[in-house]
1. Say whether the condition of being touching a residue at least 60 places away in the same chain (Cβ under 8 Å), touching a helix residue (DSSP H, G or I) at 6+ places or on another chain (Cβ under 7 Å) and within 28 Å of residue 207 (Cβ to Cβ) is met by at least one residue in segment 50-64.
2. Limited to segment 105-143, what total is found for residues that are closer than 18 Å to residue 165 by Cβ and within 13 Å of the chain's Cα centre (by Cα)?
3. Looking only at segment 211-231, which residues are in contact with a strand residue (DSSP E or B) (Cβ under 8 Å, 6 or more places away or on another chain), in a loop (DSSP other than H, G, I, E, B) and under 30 Å from residue 31 (Cβ atoms)?
4. Among what's in segment 1-49 and is in contact with a strand residue (DSSP E or B) (Cβ under 7 Å, 6 or more places away or on another chain) and in a helix (DSSP H, G or I), pick the residue that is nearest to residue 229 (Cα to Cα).
5. If you check 182, 196, 200, which single one turns out to be at pLDDT below 95, within 21 Å of residue 84 (Cβ to Cβ) and in the same structural domain as residue 219 (by TED's automatic domain parsing)?
6. So which residues in segment 86-105 are closer than 17 Å to residue 12 by Cα and out of contact with any strand residue (DSSP E or B) (no Cβ under 8 Å at 6 or more places or on another chain), if there are any at all?
7. Which numbered condition trips up residue 93, out of (1) at pLDDT below 95; (2) in the same structural domain as residue 195 (by TED's automatic domain parsing)?
8. How about segment 104-132: which of its residues are surrounded by fewer than 19 Cβ atoms within 10 Å (Cβ to Cβ) and more than 21 Å from residue 189 (Cα to Cα)?
């Protein structure tokens, strides 16, 4: 066993968004969305939480609400790269044995889901942990916007090794299909290796960053949770989130 002892949550955020410009700073119940996500992460009570800010406006907004944020270069290619850049500032000696990469557009996420992300790391062989939930809506099984995870996980189990991710309906045959939830828990050495890798053939074809890890022999495993957390991607999503906070 290799239980996580000292995790840190890092929330990458930048203003560039094609579908919802300025998304991290969008007001939800009187606070910017990135602050709402920060609050959920703190409620998970796992350790320190830091926002990896790609823009000075994000850093200022977080600090204005008492949160911890660090500046990262605006042109980094991915959230994982932004997380790694922030760690060079807040944890240069790699004191934390687990880095949770939490998306900055999940203002309604249940803190228990964040905590679940580390569970697969109890297996010392696992480099990267993530989350899935069973797909229950039939239309989502063939929706390319719903990323599917093919897991080596028997019925009744809650953690399984991730063997493939796809926008297509996988795996073939009878049995549950799993919606991948893009929250990751990295071991420090795994994150360092991951951001140093070139984008792979399948990563480019599927347009899924996590395929880079599998293509390079890294071991990923996923914990099953009951629901997919609601993410804000469009103006309609934002209005839905605002209604939740307004009661």
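The values are calculated or read from the model by the stated rules, or taken from the named source; none is laboratory data. As the structure is a prediction and not an experimental result, all values here were calculated from the model. Cβ: placed from backbone, ideal geometry, glycine included. Neighbour counts: every protein chain shown.
1. To start, the set of residues in segment 50-64 that are touching a residue at least 60 places away in the same chain (Cβ under 8 Å) comprises none.
Scanning segment 50-64, I find no residue that is touching a residue at least 60 places away in the same chain (Cβ under 8 Å), touching a helix residue (DSSP H, G or I) at 6+ places or on another chain (Cβ under 7 Å) and within 28 Å of residue 207 (Cβ to Cβ), so the answer is no.
2. The total comes to 6.
3. 225, 226, 227, 228, 229, listed by residue number.
4. The residue in question is 37.
5. Details: 182 fails: at pLDDT below 95; 196 fails: at pLDDT below 95.
Step by step, each of 182, 196, 200 is checked, and only 200 is at pLDDT below 95, within 21 Å of residue 84 (Cβ to Cβ) and in the same structural domain as residue 219 (by TED's automatic domain parsing).
6. Initially, segment 86-105 is screened for residues closer than 17 Å to residue 12 by Cα, giving 86-91, 98-105.
Of everything in segment 86-105, those that are closer than 17 Å to residue 12 by Cα and out of contact with any strand residue (DSSP E or B) (no Cβ under 8 Å at 6 or more places or on another chain) turn out to be 88, 105.
7. Going through the list (1) at pLDDT below 95; (2) in the same structural domain as residue 195 (by TED's automatic domain parsing), residue 93 breaks only (2).
8. Of everything in segment 104-132, those that are surrounded by fewer than 19 Cβ atoms within 10 Å (Cβ to Cβ) and more than 21 Å from residue 189 (Cα to Cα) turn out to be 108, 110, 111, 112.
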